[in-house]
Amino acid sequence: MDLSLDFLIIVVKYAFLKRKKMKNIFIGRRFSLKASCILFTCLLIFCSCGTKKVNQEKKLTTNTRPNVILFYVDDLGYGDVGVYGAKGVKTPHLDALAKNGVMFTDAHCAAATCTPSRYSLLTGNYAFRRKAAVLKGDAPLLIDTASQTLPKVFQAAGYKTAVVGKWHLGLGYGDIDWNKHITPGPNEVGFDYSFLLPATGDRVPTVFVENGWVVNADPNDPIKVSYSERIDERPLGNERPDLLKQIADPQHSNTIVNGMSRIGYMTGGKSALWVDEDFPFIFTDKSKQFINESKDQPFFLFYSFHDIHVPRMPHDSFKDKSEMGPRGDAIVQVDWVVGQMVDELEKLGLIENTIIIFTSDNGPVLDDGYADQSEELLGAHQPGGIYRGGKYSAFEAGTRVPTIVSWKGEVAPKESNALVTQVDLLASMAKLVEQTVTQEVIDSEDQLAAWLGRSDQGREFMLEEAYTLAIRKGPWKYIRPVGYPTPQWLINKKVDAGLSQEDALYNLDNDPSEEINAAQSEAEIVKEMSEMLQQIVDKTTR
Ligand code: NG6
Ligand code: CA
């Protein structure tokens, strides 16, 4: 019932009954003090009833359509967060998020490297279907613009969508002209707003791209990028180590920007070059701006960190805030950003209408090309927790990543050991916002109940992608053999890649660290799991 209308009727009736007296009060030349008080009180009650109604309506709409923020950290390992057992670094904001939300112990990104993982997250399909691999900085857009995507699911439900931060899914059709509008890109696959670091921090071009335009580009100083040859006379990392903040390996020793040599060659765009140390402030400002502008409608924000990928260059305000040098300080920086964003949601009164998902794109790596002391200062910290492997690896730490889901007032705090994978976020979010998943989305399953901690069931089976495929079911994990020895570059990186020319089978209940290969003694299970894996590979429809 409309309270304000009721009240107005009562006032009018009262006025009618007492019209003589009221007439004296209200129609006199001057209002008496008593009259002014009555009128003021009436107006106040009327207005407050009206506002209350608007708020109630607003709450109703936003409750059925909560905002979603996905914090996607780069290369953050299972053991890199306080509540997941981190040593040598403190993460109070993330710990608080976990304490008030669902903290997953068996949640996975889809693949052990960035591009494949992000491809699956956004398309709901495994990356092997698209032969997705780590992309160069000038690669064409990998996602089909006609396909349903995670942001398109939200758009169809009336959300405003944005991606801020690392992209690494390609842009344009190849042979990009960085001085013109760059399209297709995120805006064509479902993001209303995009502010990007186009590939990785260690790859050229080292410029931001906002809605398809290089930020601060100068037509008189055109940008050129090459991944095959040097294109100007500027010193390279391998020639001028004296100019470098961190020494890099040969692959990361091309064009120097902001005291760091990168992968690839770049010239021009002096006014547009980024300053790595400013990433957290710039991305956070852009994200805050987006949620402020979108607060009156539901929104989906994909906050895609550069941290804690190489080159690790946290801002001076985070220097030595951990005991582990730049890698640990970058984790502190991530924690600070999440704290900032949560504060902003609270300030805007949106915290109870916003689902926060915090996770990572692949497992941890220490030396990924720059001498940043990540190995020397590690101490007792275990980046992958008790799990074997890490980034690039088919062992568990390749894809088992810290994952927290928080929704104040809606999600009950708990620890969940449900088996969940990011490939399912598309179908799970579609369920949340009542959208249909289309046919080209083959692999994404609705696991909303597990993602919100309302079920511990999770997936019956799950694929993990590295440089091979692995499958999880019940206590078992099967890793498909490859037909070649472990490549030298993985050995040089000291990656425990999990690549073998033999079948590998582990019982994770008894052997979570994948030490004992049970393939020989459990031939039946190997057969069953390898057939199941092949069925997934052969699948062509949902
Ligand atoms: C590798 C880079 C590595 C990192 C990785 C991508 C070399 C030797 N190494 O090729 O530094 O950039 O690609 O990381 O070039 S990811 O997290 O984006 O997948
Ligand atoms: Ca990554």
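The values are calculated or read from the model by the stated rules, or taken from the named source; none is laboratory data. Please read these numbers as outputs of a predicted model, since none were measured by experiment. Virtual Cβ from ideal backbone geometry, glycine too; neighbours counted across all protein chains shown. Note: accessible area is taken over every heavy atom of the protein model, side chains too, but ligands, DNA and RNA are not part of it. Shrake-Rupley method; radii C 1.70, N 1.55, O 1.52, S 1.80 Å.
Couple of notes before you dig in:
- Projecting the Cα atoms of GLY409, ALA497, ALA523 onto the dipole axis of region 404-534, where Lys and Arg carry +1 and Asp and Glu carry -1 at the beta carbon, places GLY409 farthest toward the positive end.
- Between LYS270 and LYS414, the simple spin-label model (points 7 angstrom out along Cα→Cβ) gives 6.0 nm.
- Spin-label pair MET532-ASP509: with each label point 7 Å from Cα along the Cα-Cβ axis, the two points sit 1.3 nm from one another.
- Heavy atoms of THR436 accessible to a 1.4 Å probe, total area in Å² rounded to 10: 110
- Shown in residue order for region 470-475 are the 3J(HN,Hα) couplings computed by the Karplus curve 6.51 cos²θ - 1.76 cosθ + 1.60 at θ = phi - 60°: 10, 10, 10, 7, x, x Hz (x for Gly and Pro).
- Residues whose amide H comes within less than 5 Å of that of MET260, counting only those at least five positions distant or on another chain, are LYS245 (H built at 1.01 Å from N in the peptide plane).
- Of the residues ILE263, ILE491, ranked by 1.4 Å probe accessible area with the largest first, the sequence reads ILE491, ILE263.
- Shape call, the chain: gyration tensor on alpha carbons, a/c limit 1.5: prolate
- Listed pairs LYS99/LYS408; LYS152/LYS431; LYS99/LYS414; LYS152/LYS473 exceeding 19 Å between Cα atoms: LYS152/LYS473
- Database remark: amide H of VAL365 closer than 5 angstrom to the amide H of LYS391 (H placed geometrically; neighbours at sequence offset of 5 or more, or on other chains; Pro and chain starts carry no H).
- Carbon/sulfur fraction of accessible area - region 388-497, other protein chains in place, 1.4 Å, %: 49
- Of the chymotrypsin sites (Phe, Trp or Tyr not before Pro) in region 134-173, those whose Cβ has at most 12 other Cβ within 10 Å and which sit in DSSP loop: TYR173
- Cα-centred dipole magnitude for region 244-394, charges only on beta-carbon of K, R (+1) and D, E (-1), debye, nearest 20: 340
- Charge dipole magnitude, Cβ of K and R +1, D and E -1 - the chain, Cα centre, debye nearest 20: 3920
- Of all aspartates and glutamates in the structure, the ones whose alpha carbon falls short of 17 Å from that of LYS494, not counting any fewer than 8 places away in one chain, are ASP75, ASP249, ASP367, ASP368, ASP372, GLU375, GLU376, GLU396.
- Distance from region 476-542 to region 64-111 (C-alpha centre basis), Å: 27
- Cα gyration tensor category, rounded, prolate or oblate, for region 165-215 with a/c compared to 1.5: rounded
- Built amide H within the under 5 Å cut-off of ALA86, gap 5+: VAL81
- Between GLU346 and ASN258, the contour length at 0.36 nm per residue exceeds the alpha carbon distance by 28.1 nm.
- Ranking ILE355, ILE176 from most to least accessible surface, computed with a 1.4 Å probe over the protein chains only, gives ILE176, ILE355.
- Point-to-point label distance, ASP320-LYS224, nm (Cα→Cβ direction, 7 Å offset): 4.4
- As a length-normalised measure over Cα pairs under 8 Å and 6 or more apart, the relative contact order of the chain settles at 21 percent.
- Among VAL153, SER444, VAL365 the positive-end extreme of the charge dipole of the chain (Cβ point charges): VAL153
- Centre-to-centre, using Cα atoms only, region 155-170 and region 310-363 are separated by 20 Å.
- Options SER194, TYR72, ALA133, ranked by Cα towards positive dipole end of the chain, top entry (Cβ charges): SER194
- Averaged per residue, the chain has 44 square angstrom of accessible surface, using a 1.4 angstrom probe with ligands and nucleic acids left out.
- The helix-only estimate of mean residue ellipticity at 222 nm for the chain, built from DSSP H runs of length n ≥ 4 each weighted as -39500 (n - 2.57), is -9000 deg cm²/dmol after division by the residue total.
- Area of VAL225 that stays accessible when all protein chains are in place (1.4 Å probe, Å², to 10): 30
- Taking every protein chain into account, the 1.4 Å probe leaves THR359 with about 0 Å² of accessible area, to the nearest ten.
- Most to least accessible of LYS288, LYS166, LYS131 (protein chains only, probe 1.4 Å): LYS131, LYS288, LYS166
- Per-residue HN-Hα couplings for region 148-155 [Karplus 6.51, -1.76, 1.60; θ = phi - 60°; Hz; x = Gly/Pro]: 5, 9, 4, x, 5, 4, 5, 4
- Note, ³J(HN,Hα) from phi for region 448-455, Karplus 6.51, -1.76, 1.60, rounded to Hz, x at Gly and Pro: 4, 4, 5, 4, 9, x, 8, 9
- Prolate/oblate/rounded call for region 370-483, Cα gyration tensor, a/c under 1.5 rounded: oblate
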